[in-house]
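Have a look at the structure below, then the notes.
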Amino acid sequence: MTHTVRAMLEENVHAVLAHSYALYFVLFLAGLFFDFLFSFRIYESEVVPFVGFLLLLFATFLIVWAQKTSRRLNTAEINKEAFCRGPYCYTRMPTHWGLFLAMFGFGLVINSVFVVLFTLASFLITKMVFIRKEERILFQKYGTPYMEYKKSVKF
């Protein structure tokens, strides 16, 4: 594969990721806006905000771990094991899980039904649209090793 084609594929993966992260942000802001307008509440319990805070902490850890791990992909030797490092051994999309858990946790902390609903919508849209595009690009770029990795890591 030529350098130009490889660069185009990498740009496409990053563009897909940027669009999916932007979707999370826009829908998060929409959830905050609707919460400000209508202010429906989810719970009365004092335990739920603590659970939301724990989700925020875990999500932050997961995102940082995923970002540090993804920067160290050795493209010289691509095989199934090259993809399975850090959180990528447990899920193919740790940053997206982190964003989901962070937004969901924040929605629980502030007791916002709209943030929680828009978080679920963000995750579903991302999974059905952006993750599929990203995985198609990664298959085109890495071929069989990526498909083997995808079969072994289901989430």
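Exactly one of (1) basic (Lys, Arg); (2) surrounded by fewer than 15 Cβ atoms within 10 Å (Cβ to Cβ); (3) assigned to a loop (DSSP other than H, G, I, E, B) is unmet by ARG92. Its number?
(2) is the only condition that ARG92 fails.
Does any residue in the stretch 144-155 that is of a type outside the set (Gly, Ala, Ser) come within less than 6 Å, Cβ to Cβ, of a residue that is part of a helix (DSSP H, G or I) and surrounded by 16 or more Cβ atoms within 10 Å (Cβ to Cβ) six or more places away or on a different chain, and which pairs are these?
PRO145/LYS80; TYR146/LEU138; GLU148/LYS80; TYR149/LYS80; TYR149/PHE83
Just wondering, is there one or more residues in the stretch 43-53 that are surrounded by 15 or more Cβ atoms within 10 Å (Cβ to Cβ), of a type in the set (Gly, Ala, Ser) and either more than 22 Å from ALA18 (Cα to Cα) or more than 20 Å from the chain's Cα centre (by Cα) (or both)?
There is at least one residue in the stretch 43-53 that is surrounded by 15 or more Cβ atoms within 10 Å (Cβ to Cβ), of a type in the set (Gly, Ala, Ser) and either more than 22 Å from ALA18 (Cα to Cα) or more than 20 Å from the chain's Cα centre (by Cα) (or both).
Being aliphatic (A, V, I, L, M), part of a helix (DSSP H, G or I) and within 21 Å of PHE40 (Cβ to Cβ) is the filter here, so list the residues in the stretch 103-138 that pass it. Walk me through how you get there before you give the answer.
Keep residues of the stretch 103-138 that are aliphatic (A, V, I, L, M), which gives 103, 108-110, 113, 115-117, 120-121, 124-125, 128-129, 131, 137-138.
Narrowing the set further to residues that are part of a helix (DSSP H, G or I) leaves 103, 108-109, 113, 115-117, 120-121, 124-125, 128-129, 131, 137-138.
Correct list: MET103, LEU108, VAL109, VAL113, VAL115, VAL116, LEU117, LEU120, ALA121, LEU124.
One line per residue, one yes/no per condition, for (1) outside any helix (DSSP H, G or I); (2) at pLDDT below 90; (3) out of contact with any strand residue (DSSP E or B) (no Cβ under 6 Å at 6 or more places or on another chain):
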| position | (1), (2), (3) |
| --- | --- |
| LEU29 | no, no, yes |
| TYR43 | yes, yes, yes |
| THR60 | no, no, yes |
| TRP65 | no, no, yes |
| GLU81 | no, yes, yes |
| TYR88 | no, yes, yes |
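The values are calculated or read from the model by the stated rules, or taken from the named source; none is laboratory data. Note that the structure is a prediction, hence the values are computed from the model and not measured. Counting neighbours? That spans all protein chains shown, and the Cβs are built from the backbone with ideal geometry, glycine included.
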